[in-house]
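A quick write-up on the structure given underneath.
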Amino acid sequence: MKLNKIFTFIVLFVASIATSSCTQNGGDIGIWFGTWIVKSVSIDGVVQPQSTSTYFSVQFQGQIVRVTQVDELHEPYNCIYGNWNEDANQMQWLFPDERQPVVPLPGMTRANKFTITQKNSEAVVLQQVSDSGVTYVYLLEKLV
């Protein structure tokens, strides 16, 4: 029985590695690939106080985006997966699976449309205006 579990684990591990490659642009998604930390969120020009017990990370691979809430021990405990795309200075994050709750990042919804106001390999600034006219600005810094 134990050998069967080990064999199953090995097969699943190898299968996950074989199927986890990037497929957009021949696998190259440029600076987006990797993990970004949400360093600050501004709402209508006011920088929001950051929690000392949690932070948010954003990960991109292929056409998948994952937004994660992470605790003070760096353990992820709340995340949502979706699709993303970028066109010039516009970006969308779509989270269509309603079984997944949206993480409590201010302004985050199931359909997010951002204007990219700054973008380089170390930092990105995304701006989103809600349906009610509230402007959210997110500063993301590259972790890895």
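Here are some notes:
- Within the range 82-111, being charged (D, E, K, R) and more than 19 Å from Val129 (Cβ to Cβ) holds for Asp97, Glu98, Arg99.
- Residue in the range 20-31 that is at pLDDT 85 or above and under 25 Å from Glu122 (Cβ atoms) present: yes
- Pairs are defined by a Cβ separation below 9 Å, a sequence spacing of at least 6 or placement on different chains, a first member in the range 102-130 that is crowded, with 18+ Cβ neighbours inside 10 Å, and a second member that is among the acidic types (Asp, Glu); the pairs so defined are Val124/Glu141.
- Within the range 65-84, residues that are farther than 10 Å from Gln100 by Cβ and part of a strand (DSSP E or B) sit with their Cβ atoms under 7 Å from residues that are of a type in the set (Val, Ile, Thr) and open to solvent by 70 Å² or more (accessible area, probe 1.4 Å), at 6+ positions apart or across chains, in these pairs: Asn83/Ile64.
- In the range 120-144, residue farthest from Met108 (Cα to Cα) [restricted to those that are among the small types (Gly, Ala, Ser) and at pLDDT 95 or above]: Ala123
- Hey, Val41 surrounded by 17 or more Cβ atoms within 10 Å (Cβ to Cβ), part of a strand (DSSP E or B), under 12 Å from the mean Cα position of the chain (by Cα) and not polar (S, T, N, Q) or not: no
- Restricting attention to the range 44-64 and to residues that are assigned to a strand (DSSP E or B) and in contact (Cβ under 8 Å) with a residue 24 or more places away in the chain, the residue that is most open to solvent (accessible area, probe 1.4 Å) turns out to be Gln61.
- The number of residues in the range 71-89 being open to solvent by 80 Å² or more (accessible area, probe 1.4 Å) and of a type outside the set (Gly, Ala, Ser) comes to 7.
- Val41, sole failed condition from (1) among the hydrophobic types (A, V, I, L, M, F, W, C); (2) on the phi > 0 side of the Ramachandran plot; (3) in contact with a Leu (Cβ under 8 Å, 6 or more places away or on another chain): (2)
The values are calculated or read from the model by the stated rules, or taken from the named source; none is laboratory data. Just so you know, these numbers come straight off a predicted model, no measurement behind them. Cβ: placed from backbone, ideal geometry, glycine included. Neighbour counts: every protein chain shown. Surface accessibility is based on the protein's heavy atoms, side chains included, excluding ligands, DNA and RNA. Shrake-Rupley method; radii C 1.70, N 1.55, O 1.52, S 1.80 Å.
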